[in-house]
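The values are calculated or read from the model by the stated rules, or taken from the named source; none is laboratory data. Computed from a prediction, not measured in an experiment: that's the story for all the values here. Every residue, glycine as well, gets a Cβ built from its backbone with ideal geometry; the counts of neighbours run over all protein chains shown. Protein only, heavy atoms only, side chains kept; ligands, DNA and RNA dropped before computing areas. Shrake-Rupley method; radii C 1.70, N 1.55, O 1.52, S 1.80 Å.
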Amino acid sequence: MTDSPANGAAADVPSHQPPDGEALHELRSLILGPEQDQLRALQARVDNFTLRAEDVSAVLPEAIRLRSRQDTLLASAIRGTVEDAMQASVRSNPGILLDVLFPLIGPAIRKAITSTLRSAIDSLNRSLDVSFSARGLKWRLEAVRTGKSFAEIVLLHTLHYRVEQVFLIHRDSGLLLQHAAAAAVDPRDSDLVSGMLTAIQSFIQDSFGVQEGDGLETIHIGELTVWIERGPLAIVAAVVRGSGPPELRTMFQEVIEAIHLEYHPPLRTFQGDSAAFAGARTHLEACLTEQFEPRERHISPAFWGVCAVLLVGLGLWAWGAMLNAQRWTAYLASLRAEPGIVVTTAYKQAGLYRLTGLRDPLAADPQQLLRQAGIDPGQVEDHWETYHALHPPFVLRRAQSTLSPPETVHLSLDGGVLRATGSAPHRWIEDTRRLARLIPGIDAFQHDQLIDTTLAELAALTQQIEQSTLLFRKGSAQLMTGQEESLRHLSAMLHRLREVAEAVAVRVQVNILGHTDATGGEGKNLTLSQERAERILSSLTAAEAATTGIAAWGIGSREPRVEEVTDEDREMNRRVSFKVILTGMANP
Amino acid sequence: MVQKKICMLGAFAVGKTSLVARFVESIFSDTYLTTVGVKISRKAMRAGRHRCHLIVWDLAGEDEFLQIRLSYLRGAAGYLLVVDGTRPATIDAAISIQKRVQEAVGDVPFVVLLNKSDLQAEWEVSDDTMLELADKGWNWLKTSARTGIGVEDAFLLLADMMLEA
């Protein structure tokens, strides 16, 4: 290239004057000077490593961004390098990576452990479900109320503690970065305590040759426990009175992690000025928790005595009230079960039981029932309206009381039909037939099974009278000796017959028939028989005074009692006999 | 409030504890020195514009049976190296200690205290020795725990050096 302009120039200039080297060089520099300078500058830039690195550094971030957007080749290309770099970093100083990861590792591990523990707590919950006590029940209620799990509540109640002081200590120097203390604690010497605590940790580490990173975690001194949580750059030490729950350690761990996250640069560069850590105080104060056991109150025995008396009194009163209520209920039930009693209202007012209702006069006496129920009648105010119950026993009782049946009568009720069995006088039967249907609840009176004693007596008297004979002397209207007695008896029977017949409204006609034996003439016998009949008629009417309904007939020897063979037969035929005719009988 | 951890170092019975006893506050007894090997005290002071708390770690003195625990030096911003002016051997001990401390915590400010300066009759540290120390670039002061002379100055000097650092 350097030759061509020379050749070009040679064509333009005369050949007799060949261009010398200097002139050519001048010409070149005149024509190509600026380009040559640029070329040289470019060459220098390409050769200069530092400048090239600067150029690449200017475009590198944008180039990475563009390529990453395009595909993943860049990531796979540098992966090996990044891994090597991390390995190299860990090998040379694991602390750097540890410091970076420290705030992240703790929460990640705790999250995994928490989920494992939760299932364990669940199973504990189930086993605790089985245990039952008043305290357990109370805690269970608290768990429901607060929404916490039962196991948590149990934990809170069984562990009692107070976090009294919390120190944030610079790990290397042991200098106090921040301190929080409960109200009752004097915080003045916290910087000295902080130093000594660090010294003791160093002492333990030196004395027992523990590994770097391990260290004292807990110090027990009587009731106090110092819990120490270590971070790479700082330590949280908490003074706990009593027995702190394991959750406290988690809390301290979270605090030291949070502080490392927030204060990492000032912790690294700490030179003794703790002002940068003022904000960490809120973290420490959050750790000042406490949990008290509910104080048992001592109550004097007298109080319990009074309580017991009151309780017994209350118990007795309640017992009495319950008994009263039971009695009242039983009384009401008995009233309601009682036929002929209808309770319409029943209530208690101003210590009095009030009752109103309907009562059949035949029903049981409420006062009697009250006494049977054991209730003081003074406690009850009742008012009963009278009514007639159609309850069958009541209808029957009312029928019995209204009809007054004789003892020989048995009354029963079948539907609306009053049935009478046994025997009764005609008069009662007639009355009952009339009255029965007037009794509420009775539609009919049935007495076909009832014997009418009046009619029966009438029939019996009739039969007795008609079977009676009075014997006479031969050929005379004089009664044979001893027949007067029979006559008197007959007279009495006739008297009774009339009475009974009158009771049943029957007219009685008594025919006295005079008989003779077959000896002697017919004419004479008729007369004699007439005499005999009349003779008895007059005897009877004299005694009876009644002259109506009685007649005497002589029929001679036409109707002998027995066939006459012997004198005795004839004696039997010399007689009067009787015929009773009843007329006007409704039920013969 | 700026806090600085400083250590009191030196051979056995050079008067470290006596030096701090008059000028610092502590809640711990001297028995800590024989048990844990350190006793921590506090000295409040004003150095220039700064109010400062020196947290003084008084380490048990070194002898042929007991070496100082270097772990106690971790995080120290400075230290006082105490020498018994009546026992020149303690200077050698101090030099030995200083070497080890420098290896452990690096270049941190320190002041050498030539103690028991009140015992002039028994004083055994020659001016040459003191010049040698000065040649090493060490700052030194004569102190007396009994009279109190130089003690405050020593703390102030160290504080100044630390706050400048």
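Table for the structure above
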item: Residue range of chain A that is longest and free of GluC sites (Glu not before Pro) which are both DSSP loop and sparsely packed (at most 14 other C-beta within 10 Å); result: A:1-216
item: Span from the segment B:18-57 Cα centroid across to the segment A:92-108 one, whole angstrom; result: 35
item: Backbone HN-Hα couplings from phi across segment A:415-428 [Karplus 6.51/-1.76/1.60, Hz, Gly and Pro as x]; result: x, x, 9, 8, 10, 10, 10, x, 9, 7, x, 4, 4, 5
item: Shielding by partners - mean other protein chain Cβ count within 10 Å, residues of B:69-80; result: 4
item: Lys pairs under 15 Å by Cα in segment B:2-164, provided they are eight or more residues apart or on distinct chains; result: 9
item: Exposure rank, largest accessible area first [A:Ile96, A:Ile256; 1.4 Å]; result: A:Ile96, A:Ile256
item: Chain B: most fluctuating residue of B:Trp123, B:Trp57, B:Trp140 per GNM, C-alpha cutoff 10 Å; result: B:Trp123
item: Under 27 Å, Cα to Cα: Lys pairs in chain A, sequence gap 8 or more or different chains; result: 5
item: Cubic angstrom per residue, convex hull over Cα atoms of chain A; result: 589
item: Per-residue average of Cβ from other chains inside 10 Å of A:201-208; result: 4
item: Radius, Kirkwood style, for segment A:333-463 when every pair of distinct Cα atoms is counted (Å); result: 17.2
item: Segment A:Cys307-A:Leu224, length gained on full extension (0.36 nm per residue, minus Cα span); result: 25.7 nm
item: Dipole magnitude of the protein assembly as shown about its Cα centre (Cβ charges: Lys, Arg +1; Asp, Glu -1), debye to nearest 20; result: 3520
item: Interchain or long-range residues, amide H under 5 Å from A:Gln178's placed H; result: A:Leu168
item: The protein assembly as shown: antiparallel DSSP beta bridges as a percent of all, rounded to 5; result: 60
item: Gaussian network model of chain B, Cα within-10 Å springs - most flexible of B:Ala76, B:Ala60, B:Ala89; result: B:Ala89
item: Interchain or long-range residues, amide H under 5 Å from B:Cys7's placed H; result: B:Trp57, B:Gly78, B:Tyr79, B:Leu80
item: Solvent-accessible area of A:His388 with every protein chain in place, 1.4 Å probe, in Å² to the nearest 10; result: 100
item: Peptide A:170-180 - average C-beta neighbours from other chains (10 Å radius); result: 4
item: Mean separation of Cα contacts under 8 Å (6+ apart) over length of chain A, as relative contact order %; result: 7
item: Value at 222 nm in deg cm²/dmol, rounded to 500, when DSSP H runs of n ≥ 4 in chain A each add -39,500 (n - 2.57); result: -18000 deg cm²/dmol
item: Antiparallel DSSP beta bridges within segment B:2-164, percent to nearest 5; result: 30
item: Dimensionless Rg/Rh of segment B:2-164 - Kirkwood Rh, Rg from C-alpha atoms; result: 0.93
item: Mean Kyte hydropathy of 1.0 or more with a Cα span along the axis of at least 15 Å, helices from DSSP in chain B; result: B:151-164
